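This report refers to the structure that appears directly beneath it.
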Amino acid sequence: MGKVVDIFHTQSQSTEWENTRRFNIPISVGMAKLIKPETFVLSSSNGADYAKGVVTLVADNICRAELTLRLHRNANQVAKTAIREDIPWKLQQVQDAGNHLYSALDAVCRMDIDYEFRTGSEVTKLMDEVMNQLKKGRHQLLNPIHPTLHDLYYSKCSKAFNPPLPNEILIDFYVQGNKLNMCTYFLHPVHITKTPSKHAAVSAEKNPANLLELGSLKYEVTGQYTVNCAVPWLGEALTLFTVALQTCQELKNKIEVFSTYRIDEATQRETC
């Protein structure tokens, strides 16, 4: 069992340390960070130009951006805004994925290299802890949680835009797989009357998530457009998460086989 665990210790640490080079978390002495400013062009897969831009990404921060937004109800009217370096947009998903990776690595590193595991269940318990963190890290990059319009409007990140966005526009950045996405919501004021139309009532009832209430004012989403770009290091990070998970699972399988063999061997001795 010791030899199997030693091999895992080397392989898993190597994979996880390699992945830490892509995140804004502590890394091993002697390893160089791969983090550097990278500029990407955001574009739509269907050619629509309601939203487009150029962004500069550094780890979990969008530190610069130049965005052009064509208003949904008036295509001739264009709004331009930017993200400044002093107020970056924090990609919480990427930060959380890095934190889970660091927790997985910490679980492996806190075991002394000379430590002798006494039972297979002891190894399995460690593997479960490591795999749980790795799965959470990968999940963060694959499954974005989209904020409500209310949360997005009051988000600290929304203060990053200069000049500020008009009330009719909201923007959200998120990661999904190897892509950085920018979702733009175009809003329109809802005129409140004493006897609201049947259509308006049904619309609000069916899609409450499409309404933004700001005091006595209400806005309804009239258009939603997403542009994106591929980020190579995100794809690399996902691959390394998967490789580390496979390494853990392989060790668990070997420990299970080894434990079964030990039980069978003990049973045969008792029979003899």
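For the reader, a short list of remarks on this structure follows.
- Leading residue by the ranking (nearest to residue 123 (Cα to Cα)) among those in segment 219-249 that are free of Cβ contacts under 8 Å to residues at least 40 places away in the same chain and surrounded by fewer than 16 Cβ atoms within 10 Å (Cβ to Cβ): 246
- Helices (runs of 4 or more DSSP H) lying entirely in segment 59-173 (those with 3 or more residues that are among the charged types (D, E, K, R)): 120-142
- Qualifying positions in segment 104-121 - buried (at least 16 other Cβ atoms within 10 Å of the Cβ) and out of contact with any Leu (no Cβ under 9 Å at 6 or more places or on another chain): 105, 120
- Within segment 43-70, the set of residues being buried (at least 18 other Cβ atoms within 10 Å of the Cβ) and either basic (Lys, Arg) or free of Cβ contacts under 8 Å to residues at least 12 places away in the same chain (or both) comprises 52, 64, 70.
- Failed condition for residue 52, given (1) basic (Lys, Arg); (2) out of contact with any Ser or Thr (no Cβ under 9 Å at 6 or more places or on another chain); (3) modelled with pLDDT of 80 or more: (2)
- The condition (being exposed (fewer than 11 other Cβ atoms within 10 Å of the Cβ), at pLDDT 60 or above and among the β-branched types (Val, Ile, Thr)) is satisfied by just one residue among 171, 192, 255: 192.
The values are calculated or read from the model by the stated rules, or taken from the named source; none is laboratory data. Since the structure is predicted, the reported quantities are computational estimates derived from the model, not experimental observations. All Cβ positions, even for glycine, are placed from backbone atoms using ideal geometry, and neighbour counts span all protein chains on display.
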